[in-house]
Amino acid sequence: MIQTKHRFLSFDEYLSYDDGTENLYELFNGELIEVPPDSGLNVQIANRLFLVLALLLGTDRVHGHGLELEVRGEPRNRYPDLTIIRTEHIEQLQRRNTVRLSMAPPDRVIEIVSPGDLQRDLPEATLHERDYTAKRMQYQDRGIPEYWIVDPQQQTILLLALQDTAYREVATFRGDAPLCSSQLGAINLTAAQVFATGQTA
């Protein structure tokens, strides 16, 4: 017997679906595509950024990869590696960890570019298109004030800030340059520290 994939006609229908697993899915053209696990290096980088940002903003406002963000286009949702939510979101996300289009956009999203071998099954052609173009356009459309692209292969952190309705590339951090945000000011962390391996403290 041939089983057909369920096709979701709306994002609300997708939100009511439960397959009984803890898997994360992107909704692409009405079909579910499982989000692959992060690499160990990407998890380490995300943890470092989480710790520093949580000290600045509090743990309730810094969310990891499990936060779902509804966006326009395909896929219809994203799971940023880190998301800085607004204070008003804390209560709104108590029942489901999804920021809907009807809600205010988060303050900041951070994406860590993944190694190519983890992305083979995704419908977007290349990592550059996915992180530097596709997500950039969706987050810009969503009105998110800041978007960071953390690229372990290039050892760079690109900071994009929303000006009017378009992102502008504000700075690219590398080496011993301390991170600085248009919203947060100076951050006690350098690009080299973000990408360093084998840290014990």
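Each Cα pair under 8 Å and six or more residues apart adds its separation to the average, and for the chain the resulting relative contact order is 14 percent. Once the 1.4 Å probe is applied to the protein heavy atoms, the chain comes out at 53 Å² accessible per residue. Ranking of Ile90, Ile144 by solvent-accessible surface, largest first: Ile90, Ile144 (1.4 Å probe, protein heavy atoms only, all chains present). Once backbone amide H atoms are built at 1.01 Å from N, Thr98 has Glu68 as its partners under 5 Å, excluding neighbours fewer than 5 places away on the same chain. When Met103, Met137 are compared by accessible area of protein heavy atoms, the largest-first order is Met137, Met103, using a 1.4 Å probe. Along segment 13-19 the Karplus relation, 6.51 cos²θ - 1.76 cosθ + 1.60 evaluated at θ = phi - 60°, assigns HN-Hα couplings of 5, 4, 5, 8, 7, 9, 8 Hz to successive residues, with x for each Gly and Pro.
Based on the Stokes-Einstein relation at 10 °C and a viscosity of 1.306 mPa s, and on the Kirkwood radius from alpha carbon pairs, the chain is assigned a translational diffusion coefficient of 90 µm²/s. Counting only the backbone N, which residues of segment 19-50 are under 12 Å from the spot 7 Å out from the Cα of His6 toward its beta-carbon? Answer for segment 19-50: 19-21, 31-32. Comparing Cα centroids, segment 152-201 and segment 5-55 end up 24 angstrom apart.
Given their separation in residues at 0.36 nm each and the Cα-Cα distance between them, Asn97 and Ala54 gain 13.7 nm when the chain is fully extended. In the chain, helices alone account for a calculated mean residue ellipticity at 222 nm of -5500 deg cm²/dmol, with every DSSP H run of four or more residues adding -39,500 (n - 2.57). Exposed loop sites were defined as trypsin sites (Lys or Arg not before Pro) in DSSP loop states (anything but H, G, I, E or B) carrying at most 12 other C-beta atoms within 10 Å; in the chain the longest segment without such a site runs 121-201.
The values are calculated or read from the model by the stated rules, or taken from the named source; none is laboratory data. Remember, predicted model here, so these are calculated numbers, not experimental data. Counting neighbours? That spans all protein chains shown, and the Cβs are built from the backbone with ideal geometry, glycine included. In case anyone asks, the SASA skips ligands and DNA or RNA and just uses the protein heavy atoms, side chains included. Shrake-Rupley method; radii C 1.70, N 1.55, O 1.52, S 1.80 Å.
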